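Colleague: Below you'll find the structure I mean.
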Amino acid sequence: MSTVTEPVRTRPTSVADAGESQLLELSMGPQHPSTHGVFRMDVVLDGERVMKLKPVFGYLHRNHEKIAEHETYLGSMPYTDRLDYICSLTNNWAYALAVEKLAGIQVPERAEYIRVITAELTRFLNHGALIGFLTQDMGASGTPLMYAFRERETILDLFESLTGARMMCNYMRFGGCRVDLPAGWLDQARKFVATLPRFLDEFERLLATNEILMARTQGVGIMSKELAINAGVTGPILRASGVNYDLRKVDKYGIYDRFAFKIPLGEHGDTYDRYMIRLLEMRESVKILNQALKDIPEGPIIDPKTKIRGFKPKPGEAYGRIESPKGELGFYLVSDGTANPYRYRVRSCCMVNLTVLEQLCIGHNVADVVVILGSIDIVMGEVDR
Amino acid sequence: MFGEGILKGLAETARNFLGSYVSKNRLTTVQYPEERLPQIEAYRNFPFLVYDGDDWQQGLRCVSCFICEKECPPKCIIIEKSTDKKPDAVGKPQFYPKVFNIDVSVCMSCQICVEVCPFDAIKMDTDYELSTTNRFSALLWDKHRLAKSNEHYHKIHPTEAAAVDAALATERAKVAAKAKAAAEAKPAAAPATNPNGASTTAADKPVPTASEK
Amino acid sequence: MIPTPVQQADQIFVTLQHRLVSYLPAAFQSVADVILSVIAIVLVFALLFAVTTVLERKGLGRIQNRYGPNRVGPAGFFQPLADGVKSLTKEDLVPRTADQMVHFMAPVLLVLAAFLAYAVLPVGRNMVLANLNAGILFFFAVGTLVELAVFMAGWSSRNKYSLLGAMRAIAQMISYEVPLVLASIVVIMAAGSLSTVSIVDMQTGYSGIWPHWFLFTPWGIAGFILFMIAATAESNRSPFDLPEGESEIIAGYYIEYSGFKFALFFLGEYLGMFATSGLAITLFLGGWAAPFSFLTWIPSYLWFFAKLLLLIVIFIWIRGTLPRLRMDQLMSFAWQFMLPMTLINVFVAGVWHFMPAGVIRWGVCALVLVVPAFLLSRGLKQGKKFAARTYRFAE
Amino acid sequence: MSSLSSYLLVSALIFSIGLAGALTRRSAILVLIGIELMLNAANLNFIAFWRYGPNPQALTGVMFAIFSIGIAAAEAAVGLGIILAVYRHSKTTELDQMNSMKG
Amino acid sequence: MTATFLILAAITIAGTVAAMAMRNLIHCVLALTLGFAGLAALYLQLGAQFVGLTQILVYVGAVAILAVFVIMMTQHPTQTTESIFSSFWFSGSLIAALVFAVLGWAIHSSRLPYGIAPPHAEAAVQPIGDALMHKYVLPLEIMGLLLTAALIGAVVLAIHEKRRSA
């Protein structure tokens, strides 16, 4: 028996429950299949109940910020693709926004529309993939995931024909976008967006009222408003806790004030709310897409004054933030007048959101840990940077 | 009633199961080696060096100006300049790269080298069947491996290549005219206007847009 | 009496076996008889396993709008061959700290136990290896060996995940064995026998074209559904596949197995699924009996396997749709829903026995089953705590 | 030696093994298992006597064995439960160390 | 004294001996299940199908698993036992040996009054059921009561922990 109990540690001192039952320390990850990357959780279990949980990250650390301080401003743009590698276009936008603030560059209208369209498509594919992965974490053998990926493929095709790459788009430039929309792209996009509500209906029929899903998610991992605000959580999981905070409404960056859309808010802050908020946000994204695809004007796509080579903004600092699909993604830049930023810092929504994991998981099951982690929606590329 | 949502879900999967036999658009899978997706024009993969004419060494547009080496974010380009000169794409005598290596195991296909190149010498290829059995030498592409003809460029990015060709042609005509004028006026004068002329071509080139709209 | 061609076709394997055995000296005949049957069972069900793995992957693929395996052989049907070759040629890794002997014994015992269960399943008319007096009891007895094998696998691997998986598996199997047995008790009550052969024989009659299956009674329907739910849990299939929940405890009790031993676990799991499905067919779906009286000319064994495939398809379908339950929900489902429902079902079967035939009997029995089912499911939802929600929108 | 007596001999052997285990092992669980073995040995006797007895139709031995199995199951459940309870109290299942009657 | 009997008896005795003598408690229980299975096979060989299968169901399926669970719950990592036998192992095994000697002598020397040649008898399930429902209905009910009491007792023992930790 020694080998079974070898890794087991008894609870140390508490007289009331010392030796009552044995605790099991379980290392979930970094090779665990449902940690969404190389993430590790040191979990202490009592039976299957989580008593302690320590998130351990840094396995994917690649020195992004320091590399960026040695790159030109443009040279960092492809690296931002790799932060949250599912939503490279929103990362591009956040970085471009920061540099534009720093250098005081104006963005032509058409480019703003393209940015909104690509960002909302990105939001759609991110939320779809997330819900797929979340149900996969619940053991749904991949069916919802495959449906989400079916739609994601089409979005990626659109991205590819626009930017040249499916995931590492490297599309936005300071003052606009790299290339204009190719011929027929808008029609293709309109046609595709018209099919999205049908996909959402299908998705809802498949799982939204499923008893097992409700039992697995309702009342699991409840995040209170206070906790969410105190921890600095942003994005859909903040709104699932009932806080009305969406940078698209708060900052009205880009041209988001031109579109009519609503912010769905949860009440309970549990995993089911986080799941449903994303479904509803996808519907709102479709609304924005329809408006943007209708209104998009002709015109230049990039400020003609922007220089590609030898871009040196005046000394100063700027913080550009957007509502990425996962939360507030911000880039803080300090320029000393040279071609490289003096300081480059990423405000990663994934990492900030991840800090609440322990509070959400304590007292739940091992199986719930995986689901809660899935509902927080992290990408290790952005957490570890 | 308990189980209603489960039954709804079962109906949905059954619909998809049957639908996958009926409608072809449900199946997004492409049976890869037999069927392939249509090549998307904007697609980019790894860089290649464009050459004009038939001789890849003579026709190479690269003048080894080191801009791409400097701008490349992951620093995967290695250039060594030649000591002698040869006429470049527009007809002016220029240095050429003695060594031009790209470590494609480091390259992240960001296209920044293409954007910064003032000579339209480096472009993005679309070849994606690149597996090799040697991860060291086979992934370090040298000048010969990188050199692809202008026809190849036309094949993979027709609109973009046409725009580039047009820009080059006007440039060439300008240089030729200037050379003619110089030859007529003062045969000893050295052609010194090259960098300005080249950068205007680069700025004139918001790549595929002009012709598409 | 000279058998008709239909009967000949029906009994072709039985006569073939007799013919083959008759060439042997009399002393060996009974032994040879058994050996032949065992070989036949092993071959047929191993083949069924191979076919099912392909079918499952293709079916799941189609459900998920994919093609599924279609590369090896015609339409991918030689995929199991490739898988088999792969698992045979893979290195067999055993953790250094593992309990070597137990680690080795576990998959063997699992497959052995799974195959043993087929001894009492009548796959066709006169086609049963052992017509045991207590056949169903035998079935459940060998089923317990599976629990032991699973425990041995999980414990001997010296892995915390496998131990968690084994604990889950045992807790689940023991909990669902009770409703499984109770769900089959209604049939035993009606048939008055524990012998699988006589239970099937009782269901071979027809009134008009309709067969006398136990399914066509209120307690039969309820018993079948309850049995299938419990069987899903017993064979660790989705949505009750917690012991091997790949997203939580990776592969559960067989995480440390590789190569052929891993394939054996796979085999054992599928064989267990076939066996419990076969028992469900035997108990509720008339075994090898044809569903309509005018279809009796189709050989009996074909009917058995057709029904088996139907149940397998349902398993695959459910797997393609549903997420997994949690351990506590699984347990409360077993004890708060399955156990009371099976007990009520036993009661209903008794009422059915003593009431005069007719519509009233049907109605009363159905009512006695439906009302508690409704109330219990309400209880499972914990007083409507689980419900679809509406959301508010902010501008 | 008759067939019956060979069964009886096996039964006696199992009984003695169980007894030896129950008397000598330190672990309370194994002591319980030893007792189970002794019960089983008795069951084997019942079955053997029923089988070789003058009146197999009466099923007396079989019935006795069935009841014995049922009671043994109850005994094992309660026994192991008690071991668990004792363990919670004294943190050991070793009989040598459970030497105090007072909690 | 057929070959089958010899094999089964050997398996049974080997299993029980291993169960009582092995160091690792889990191994003990696994060996014990072998012994129980051998016993069940002996019952089957004797024609007591119902009892044999019930034996497997109850002992392998329930008692052994329960024992395994209890072992896993009660094993302590710090618990390093030098000896698996208690301090009075010598007297204990002596007593057991004496008991076996007496029993063996008794069996050997007694002239069994009946049944040298086994008659063809089988305990079919139906007569057992009949007997349980008619002749032995009172013992059956009492056993049911006993089992219920045991169940409640076990539940009480299990709930005890929950209340304290809560």
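Colleague: Sort out which residues of segment B:31-47 are open to solvent by less than 50 Å² (accessible area, probe 1.4 Å) and more than 8 Å from every other protein chain (Cβ to nearest Cβ), and write them in order of number.
Modeller: The answer is B:45, B:46, B:47.
Colleague: Scanning for something open to solvent by less than 40 Å² (accessible area, probe 1.4 Å) and either more than 19 Å from residue C:177 (Cβ to Cβ) or not in a helix (DSSP H, G or I) (or both), does segment C:329-347 turn up at least one residue?
Modeller: No: segment C:329-347 contains no residue that is open to solvent by less than 40 Å² (accessible area, probe 1.4 Å) and either more than 19 Å from residue C:177 (Cβ to Cβ) or not in a helix (DSSP H, G or I) (or both).
Colleague: Taking segment C:177-203 only, how many residues are among the small types (Gly, Ala, Ser) and assigned to a loop (DSSP other than H, G, I, E, B)? Walk me through how you get there before you give the answer.
Modeller: Our first condition is that a residue be among the small types (Gly, Ala, Ser); within segment C:177-203, this holds for C:183-184, C:190-193, C:195, C:198.
Those left that are additionally assigned to a loop (DSSP other than H, G, I, E, B): C:192-193, C:195.
Residues meeting the conditions: 3.
Colleague: Please go through (1) in contact (Cβ under 8 Å) with a residue 60 or more places away in the chain; (2) in a loop (DSSP other than H, G, I, E, B); (3) of a type outside the set (Val, Ile, Thr) for residue B:113 and return the number of the only condition it doesn't satisfy.
Modeller: Condition (2) is where residue B:113 drops out.
Colleague: Among the residues in segment C:97-106, are any open to solvent by less than 10 Å² (accessible area, probe 1.4 Å) and away from every other protein chain (no Cβ under 14 Å)?
Modeller: Scanning segment C:97-106 turns up no residue that is open to solvent by less than 10 Å² (accessible area, probe 1.4 Å) and away from every other protein chain (no Cβ under 14 Å).
Colleague: Residue pairs, Cβ under 9 Å, 6 or more apart or interchain, first in segment A:254-278 and free of Cβ contacts under 8 Å to residues at least 12 places away in the same chain and farther than 30 Å from residue A:359 by Cα, second open to solvent by 10 Å² or more (accessible area, probe 1.4 Å) and in a helix (DSSP H, G or I). List them.
Modeller: A:257/A:249
Colleague: Mind checking whether some residue in segment B:59-68 is at the interface with chain A (Cβ under 10 Å from one of its Cβ atoms) and closer than 30 Å to residue B:84 by Cβ?
Modeller: Yes - at least one qualifying residue is present in segment B:59-68.
Colleague: Does segment C:54-66 contain at least one residue that is more than 30 Å from residue B:20 (Cα to Cα), not in a helix (DSSP H, G or I) and not assigned by TED's automatic domain parsing to the domain that holds residue C:278?
Modeller: Within segment C:54-66 (the criterion being more than 30 Å from residue B:20 (Cα to Cα), not in a helix (DSSP H, G or I) and not assigned by TED's automatic domain parsing to the domain that holds residue C:278), the answer is no, since none of the residues qualifies.
Colleague: Also, I was wondering about something else. Here's a check for you: in segment C:190-202, which residue that is touching a Phe, Trp or Tyr at 6+ places or on another chain (Cβ under 9 Å) and surrounded by fewer than 24 Cβ atoms within 10 Å (Cβ to Cβ) is nearest to residue C:139 (Cα to Cα)?
Modeller: In this case the residue turns out to be C:191.
Colleague: Of the residues D:53, D:79, which is modelled with pLDDT under 85 and in contact with a helix residue (DSSP H, G or I) (Cβ under 8 Å, 6 or more places away or on another chain)?
Modeller: Among D:53, D:79, only D:53 is modelled with pLDDT under 85 and in contact with a helix residue (DSSP H, G or I) (Cβ under 8 Å, 6 or more places away or on another chain).
Colleague: Kindly provide the set of residues from segment A:304-321 that are open to solvent by 90 Å² or more (accessible area, probe 1.4 Å) and either of a type in the set (S, T, N, Q) or outside any loop (DSSP other than H, G, I, E, B) (or both), ordered by number.
Modeller: A:317
Colleague: I'd like the full set of residues that are without any contact (Cβ under 8 Å) to a residue 60 or more places away in the chain and among the hydrophobic types (A, V, I, L, M, F, W, C), limited to segment C:52-101.
Modeller: Matches in segment C:52-101: C:54, C:72, C:75, C:77, C:78, C:81, C:82, C:85, C:101.
Colleague: Taking only pairs six or more apart or across chains, which ones have beta-carbon atoms under 7 Å, a first residue in segment C:206-232 that is in the same structural domain as residue C:292 (by TED's automatic domain parsing), and a second residue that is assigned to a loop (DSSP other than H, G, I, E, B) and among the aliphatic types (A, V, I, L, M)?
Modeller: C:211/C:289; C:213/C:285; C:215/C:285
Colleague: Another question, if that's okay. I'd like the full set of residues that are open to solvent by less than 10 Å² (accessible area, probe 1.4 Å) and farther than 22 Å from residue D:92 by Cα, limited to segment D:19-49.
Modeller: The answer is D:37, D:40, D:41, D:43, D:44, D:47, D:48.
Colleague: Kindly provide the set of residues from segment B:1-27 that are within 10 Å of chain C (Cβ to nearest Cβ), under 46 Å from the mean Cα position of the chain (by Cα) and open to solvent by 60 Å² or more (accessible area, probe 1.4 Å), ordered by number.
Modeller: Hits for segment B:1-27 are B:15, B:17, B:18, B:21, B:25.
Colleague: Quick check on my filter: what residues within segment C:277-295 are touching a residue at least 12 places away in the same chain (Cβ under 8 Å) and open to solvent by 10 Å² or more (accessible area, probe 1.4 Å)?
Modeller: Start the filter on segment C:277-295 by keeping residues that are touching a residue at least 12 places away in the same chain (Cβ under 8 Å), which leaves C:277-294.
C:285, C:288, C:291, C:292, C:293, C:294, listed by residue number.
Colleague: Still on this structure, I have one more. May I ask you to say which residue of C:258, C:235 is hydroxyl-bearing (Ser, Thr, Tyr) and either buried (at least 22 other Cβ atoms within 10 Å of the Cβ) or not assigned by TED's automatic domain parsing to the domain that holds residue C:327 (or both)?
Modeller: Within the list C:258, C:235, the selection yields C:235.
Colleague: Give the residue, chosen from A:96, A:68, that is under 30 Å from residue A:294 (Cβ atoms), small (Gly, Ala, Ser) and open to solvent by less than 20 Å² (accessible area, probe 1.4 Å).
Modeller: A:96
Colleague: Let me ask another. Residues of segment A:260-271 being closer than 19 Å to residue A:286 by Cβ and open to solvent by 10 Å² or more (accessible area, probe 1.4 Å), which ones?
Modeller: Within segment A:260-271, A:260, A:262 meet the criteria.
Colleague: Continuing with this model, one more query. Is one or more of the residues making up segment A:45-63 within 14 Å of chain B (Cβ to nearest Cβ) and among the charged types (D, E, K, R)? Outline the logic, then answer.
Modeller: Residues of segment A:45-63 that are within 14 Å of chain B (Cβ to nearest Cβ), as a first pass: A:62-63.
Add one more test, that the residue is among the charged types (D, E, K, R), and what stays is A:62.
Yes.
Colleague: I've got another one for you. From the list B:50, B:114, B:104, which one is more than 14 Å from chain C (Cβ to nearest Cβ), over 30 Å from residue A:183 (Cα atoms), under 22 Å from the mean Cα position of the chain (by Cα) and open to solvent by less than 80 Å² (accessible area, probe 1.4 Å)? Give the derivation first.
Modeller: On the way: B:50 fails: over 30 Å from residue A:183 (Cα atoms); B:114 fails: over 30 Å from residue A:183 (Cα atoms).
After ruling out the rest, the residue left standing is B:104.
Colleague: A further question on this structure: Any idea which of (1) farther than 29 Å from residue A:80 by Cβ; (2) modelled with pLDDT under 85; (3) under 20 Å from the mean Cα position of the chain (by Cα) is the one residue A:265 doesn't satisfy?
Modeller: Unmet for residue A:265, out of (1) farther than 29 Å from residue A:80 by Cβ; (2) modelled with pLDDT under 85; (3) under 20 Å from the mean Cα position of the chain (by Cα): (2).
Colleague: Conditions: (1) closer than 23 Å to residue B:13 by Cβ; (2) open to solvent by less than 30 Å² (accessible area, probe 1.4 Å); (3) more than 21 Å from the chain's Cα centre (by Cα). Residue A:108 meets all but one. Number of the miss?
Modeller: Looking at each condition in turn, residue A:108 falls short on (1).
Colleague: Let me confirm something: among A:179, A:233, A:243, which residue is without any contact (Cβ under 8 Å) to a residue 40 or more places away in the chain and closer than 23 Å to residue A:320 by Cβ?
Modeller: Testing whether each residue is without any contact (Cβ under 8 Å) to a residue 40 or more places away in the chain and closer than 23 Å to residue A:320 by Cβ leaves just A:243.
Colleague: Test of understanding: among E:54, E:4, which residue is open to solvent by 10 Å² or more (accessible area, probe 1.4 Å), modelled with pLDDT of 85 or more, within 13 Å of chain C (Cβ to nearest Cβ) and not in a loop (DSSP other than H, G, I, E, B)?
Modeller: E:54
Colleague: Can you tell me which residue among D:80, D:4 is over 30 Å from residue E:134 (Cα atoms) and over 12 Å from the mean Cα position of the chain (by Cα)? Talk me through it step by step, then tell me what you get.
Modeller: Details: D:4 fails: over 30 Å from residue E:134 (Cα atoms).
Criteria check complete, one pass: D:80.
Colleague: Also, I was wondering about something else. Quickly run through segment C:3-26 and pick out the residues that are in contact (Cβ under 8 Å) with a residue 60 or more places away in the chain and either in contact with a strand residue (DSSP E or B) (Cβ under 7 Å, 6 or more places away or on another chain) or in a helix (DSSP H, G or I) (or both). Break it down stepwise before answering.
Modeller: Let us first name the residues in segment C:3-26 that are in contact (Cβ under 8 Å) with a residue 60 or more places away in the chain, namely C:6, C:9-14.
C:6, C:9, C:10, C:12, C:13, C:14 - these are the residues of segment C:3-26 that are in contact (Cβ under 8 Å) with a residue 60 or more places away in the chain and either in contact with a strand residue (DSSP E or B) (Cβ under 7 Å, 6 or more places away or on another chain) or in a helix (DSSP H, G or I) (or both).
The values are calculated or read from the model by the stated rules, or taken from the named source; none is laboratory data. Note that the structure is a prediction, hence the values are computed from the model and not measured. So basically every Cβ, Gly included, is an ideal-geometry build from the backbone, and we count neighbours across all protein chains shown. Only protein heavy atoms, including side chains, enter the accessible area calculation; ligands, DNA and RNA are left aside. Shrake-Rupley method; radii C 1.70, N 1.55, O 1.52, S 1.80 Å.
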